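Visitor: Pasting in a structure now, in structure tokens, and then I'll have a few things to ask.
The values are calculated or read from the model by the stated rules, or taken from the named source; none is laboratory data. Please read these numbers as outputs of a predicted model, since none were measured by experiment. Quick reminder, even Gly has a Cβ in these numbers, built from the backbone with ideal geometry, and neighbours come from all protein chains shown. SASA here: full protein model, heavy atoms, side chains in, ligands and nucleic acids out. Shrake-Rupley method; radii C 1.70, N 1.55, O 1.52, S 1.80 Å.
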Amino acid sequence: LRVQMGRPGKDDPTSLTTMGNIAAALNSLGKFPEAETMLREQLAGAQRVWGQEHRTTLAAQVNLAFNLRQQGRRDEALTLIVDALPIQKRILGSEHSDTIASLNTLWALYNETKRYEDARRVAAEAYETAGRALGEKDVTTLTAMHNLGGALIHLDRLDEAETLFVRNIDLCKSVYPA
């Protein structure tokens, strides 16, 4: 990366992509502070090169939010996701897999900060959108369905949650037979 950044510059698209890949590897290794530094540099570079309303910039912002969540810095992560999501919906579309993944991340952040009604609302949106866009048996849809069930449990809507979980298990069995 140093060689690459020394030649075309750290704002070169290839360098920015490499920074994101290195940050993903650091995250996978549990080196969250180091990954955060790289992700912040990537986000700043992407904002300079493409502006805020570009898919690469949005991905960098969401990846930084994920990293901050892993570090327990949920309020910072929540701000980044809440800011990115409307732009993702407008630029990528509501049914784009990145947008749905951000909804699932937002669900997790709301759930972890005990904002259960917000978590339910976001999970329902993710589940309905993923089901429409990707199909009922897609892993993203199944994840969103599970998330919605979890949100309903926190709201003491146990019958609804049980119905979703039973359906989720049945679908998982048909997708991943034993």
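Visitor: Just one of G149, G131 is surrounded by 17 or more Cβ atoms within 10 Å (Cβ to Cβ), within 22 Å of R167 (Cα to Cα), touching a Phe, Trp or Tyr at 6+ places or on another chain (Cβ under 8 Å) and of a type in the set (G, A, S); which is it?
Guide: G149
Visitor: Now, a different point. Mind counting the residues in the range 134-146 that are outside any loop (DSSP other than H, G, I, E, B) and open to solvent by less than 50 Å² (accessible area, probe 1.4 Å)?
Guide: From the range 134-146, those outside any loop (DSSP other than H, G, I, E, B) are 134, 139-146; that's our starting set.
Within this subset, residues satisfying the condition of being open to solvent by less than 50 Å² (accessible area, probe 1.4 Å) are 140-142, 144-145.
Final tally of qualifying residues: 5.
Yes/no per residue for (1) open to solvent by 20 Å² or more (accessible area, probe 1.4 Å); (2) over 21 Å from N104 (Cα atoms); (3) not in a helix (DSSP H, G or I):
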{"position": "K10", "(1), (2), (3)": "yes, yes, yes"}
{"position": "S15", "(1), (2), (3)": "no, yes, no"}
{"position": "N21", "(1), (2), (3)": "yes, yes, no"}
{"position": "N27", "(1), (2), (3)": "yes, no, no"}
{"position": "R40", "(1), (2), (3)": "yes, yes, no"}
{"position": "Q47", "(1), (2), (3)": "yes, yes, no"}
{"position": "L64", "(1), (2), (3)": "no, no, no"}
{"position": "A77", "(1), (2), (3)": "no, no, no"}
{"position": "I81", "(1), (2), (3)": "no, no, no"}
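Visitor: Taking the range 92-104 as the region of interest, how many residues are crowded, with 17+ Cβ neighbours inside 10 Å and either assigned to a helix (DSSP H, G or I) or in contact with a Leu (Cβ under 6 Å, 6 or more places away or on another chain) (or both)?
Guide: 6
Visitor: Take R121 and tell me if it is open to solvent by 20 Å² or more (accessible area, probe 1.4 Å) and more than 23 Å from R55 (Cα to Cα).
Guide: Against the criterion (open to solvent by 20 Å² or more (accessible area, probe 1.4 Å) and more than 23 Å from R55 (Cα to Cα)), R121 qualifies.
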